[in-house]
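Novice: Mind having a look at this structure? Questions to follow.
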Amino acid sequence: MELGIVGKPNVGKSTFFSAATLAKAEIAAYPFTTINPNRGVAYVRAKCPHPDFNVKCSPKNAKCVKGTRYVPVEAIDVAGLVPDAHKGKGLGNKFLDDLRQASALIHIVDASGGTDLEGNPCEVGTHDPAEDVRFLEKELTFWMKGILAKGWEKVARQADSEKTKIETLLADRLTGLGITEHEVKLAMRDCKLPENFKEWNEEDLFSLTNSIREIGKPIIIAANKCDIASKENLGKLKKLDYTVIPTSAESELALRRAAKSGLIDYDPGSDDFKILHREKLTEKQVHGLEFIREKMKEFGGTGIQACIETAVFKVLDLIVVYPVEDENKLTDKDGNILPDAYLMKKGSTALELAYKIHTDIGKNFIRAIDAKTKRVIGAEHVLNDGDVIKIVAKV
């Protein structure tokens with residue numbers, strides 16, 4: 001599962017990525033600073049079940065801090081997008097290709113209105129940030145439509161002659177983008193297209209592609225530079241049909257670096273922090289931290305962690321499940337207690353968890369056991385957030 005960090009140049013995309021992952025990314029105030037995509041690991045927080053069992057966990061893939069699991073999520077920061085990217089302008093083809101496997105997109109928008117549509121600096125407040133949202137929608141839809149519509153007549157003839165479902169053939173075309181047949185079906189239903197696909201015109205294909213994009217590549221808006229943005233601009237973004245979260249990537253990056261250096265005590269996602277070594281800070285640094293604190297109180301934090309967790313838990317609708325090999329000791333084969341935390345789609349079954357652990361375990365699934373209740377559950381049992389599950393499979 002991968003989150004795409006997207007947006008035009010010079011809006012704080014790479015700063016957002018660095019703040020979310022503490023990975024190194026080239027940051028500068030000019031277009032196309034990012035050429036090759038930066039990859040890193042962000043984290044979402046979940047309640048660790050170890051207090052419920054009165055044990056001490058020994059996690060492997062997701063660290064536990066004060067009863068909170070930090071579950072890893074891959075993030076990718078791609079080259080900045082400019083108008084007509086789908087035609088290859090700027091680094092458009094590369095940008096779009098890098099996004100193929102992203103499950104959801106976090107669109108970084110300069111809420112201050114201080115960058116024009118091309119990503120060039122302009123006077124703060126002179127650009128409407130809502131235009132950036134519409135332009136990204138357009139570029140993604142045209143890009144996907146180009147893939148979908150290529151050789152459309154041949155696809156239509158194949159579906160007609162072979163009696164193959166049109167949604168199957170369309171999903172085959174989009175499989176490289178991580179689009180499923182189920183998502184294509186949902187999009188077709190939402191668009192209310194002519195029943196006979198041979199009657200679909202260009203407008204129908206565009207409408208279908210737009211719906212597939214909305215379903216298969218969901219977007220949330222990070223209204224970045226919120227600390228210098230006007231209420232009017234933030235209001236414009238919040239009127240759009242998206243989840244919009246005010247963010248200050250520069251503030252979050254400064255806090256995480258200060259915390260890493262031991263200067264402050266800060267938990268990502270919190271709306272406050274504690275200065276530990278004021279004597280090691282200059283007056284200017286203390287003033288800067290107090291300014292950040294003031295803005296965090298206003299917006300409920302820097303918004304970076306909120307963006308990541310909203311994308312994972314609300315947009316993608318994922319839950320956290322803890323597989324174990326011994327339902328009594330809650331251990332794996334090496335004795336690690338509650339070792340792993342897996343992100344699963346809400347509504348996933350015990351069998352799907354088995355396949356996620358390993359294909360062979362899925363193929364040889366016999367039953368599962370809920371470690372909290374000690375009840376045996378079947379393959380189609382729907383998992384709940386926070387479940388601790390043992391999978392029993394043929395050896």
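The values are calculated or read from the model by the stated rules, or taken from the named source; none is laboratory data. Bear in mind that the values here come from a model prediction, so they are computed numbers and not experimental data. Cβ placement follows ideal geometry from the backbone for every residue including glycine, while neighbour counts extend to all protein chains displayed.
Novice: Spot the failing condition for F53; the list is (1) of a type in the set (F, W, Y); (2) at pLDDT 95 or above; (3) under 24 Å from I147 (Cβ atoms), and only one is missed.
Specialist: The one condition F53 does not meet is (3).
Novice: Looking only at region 65-74, count how many residues are touching a helix residue (DSSP H, G or I) at 6+ places or on another chain (Cβ under 7 Å) and either in a strand (DSSP E or B) or in contact (Cβ under 8 Å) with a residue 40 or more places away in the chain (or both).
Specialist: Of the residues in region 65-74, 1 are touching a helix residue (DSSP H, G or I) at 6+ places or on another chain (Cβ under 7 Å) and either in a strand (DSSP E or B) or in contact (Cβ under 8 Å) with a residue 40 or more places away in the chain (or both).
Novice: Given the criteria in a loop (DSSP other than H, G, I, E, B) and crowded, with 17+ Cβ neighbours inside 10 Å, does G269 qualify?
Specialist: yes
Listed here are the residues, each with its yes/no results for (1) without any contact (Cβ under 8 Å) to a residue 12 or more places away in the chain; (2) in the same structural domain as S261 (by TED's automatic domain parsing).
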position	(1), (2)
K284	yes, yes
R293	no, yes
C307	no, yes
E325	no, no
K329	yes, no
D334	yes, no
A368	no, no
V382	no, no
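Novice: From the list K260, K297, which residue is among the basic types (K, R), at pLDDT 95 or above, within 24 Å of V65 (Cβ to Cβ) and assigned by TED's automatic domain parsing to the domain that holds F16?
Specialist: K297
Novice: Among the residues of region 116-137, are any at pLDDT 90 or above and basic (K, R)?
Specialist: yes
Novice: Continuing with the same structure: Can you name every residue in region 160-193 that is out of contact with any helix residue (DSSP H, G or I) (no Cβ under 7 Å at 6 or more places or on another chain) and either at pLDDT 90 or above or farther than 20 Å from K150 by Cβ (or both)?
Specialist: Those that are out of contact with any helix residue (DSSP H, G or I) (no Cβ under 7 Å at 6 or more places or on another chain) and either at pLDDT 90 or above or farther than 20 Å from K150 by Cβ (or both): K163, H182, R189, K192.
Novice: Having 2 or more residues that are closer than 30 Å to A42 by Cβ and without any contact (Cβ under 8 Å) to a residue 24 or more places away in the chain is the bar; report the helices (runs of 4 or more DSSP H) wholly within region 94-209 that clear it.
Specialist: So the answer is 130-149, 181-191.
Novice: Let me ask something else. Please verify whether L237 is within 26 Å of D132 (Cβ to Cβ) and either surrounded by fewer than 17 Cβ atoms within 10 Å (Cβ to Cβ) or touching a Lys or Arg at 6+ places or on another chain (Cβ under 9 Å) (or both), treating the condition exactly as stated.
Specialist: No.
Novice: Mind listing whichever residues of region 371-380 are without any contact (Cβ under 8 Å) to a residue 40 or more places away in the chain and not aliphatic (A, V, I, L, M)?
Specialist: T373, R375, G378, E380, listed by residue number.
Novice: Still on this structure, I have one more. Looking for whichever is more than 19 Å from V124 (Cβ to Cβ) and free of Cβ contacts under 8 Å to residues at least 24 places away in the same chain here; the options are R278, R256, R213. Which one fits?
Specialist: The unique qualifying residue is R278.
Novice: Related question: Out of the residues in region 272-296 that are of a type in the set (A, V, I, L, M, F, W, C) and in a loop (DSSP other than H, G, I, E, B), which is surrounded by the fewest Cβ atoms within 10 Å (Cβ to Cβ)?
Specialist: L276
Novice: Cβ-Cβ below 7 Å, separation at least six or inter-chain, first residue in region 240-253 and free of Cβ contacts under 8 Å to residues at least 40 places away in the same chain, second not in a helix (DSSP H, G or I): which pairs?
Specialist: V244/I221; V244/A223
Novice: Related question: Would you mind stating whether H287 is modelled with pLDDT under 95 and of a type outside the set (S, T, Y)?
Specialist: Against the criterion (modelled with pLDDT under 95 and of a type outside the set (S, T, Y)), H287 does not qualify.
Quick grid of which residues meet (1) closer than 30 Å to L22 by Cα; (2) surrounded by 15 or more Cβ atoms within 10 Å (Cβ to Cβ); (3) touching a Cys at 6+ places or on another chain (Cβ under 9 Å):
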{"residue": "D204", "(1), (2), (3)": "no, yes, yes"}
{"residue": "C226", "(1), (2), (3)": "yes, yes, no"}
{"residue": "K231", "(1), (2), (3)": "yes, no, no"}
{"residue": "A249", "(1), (2), (3)": "yes, yes, no"}
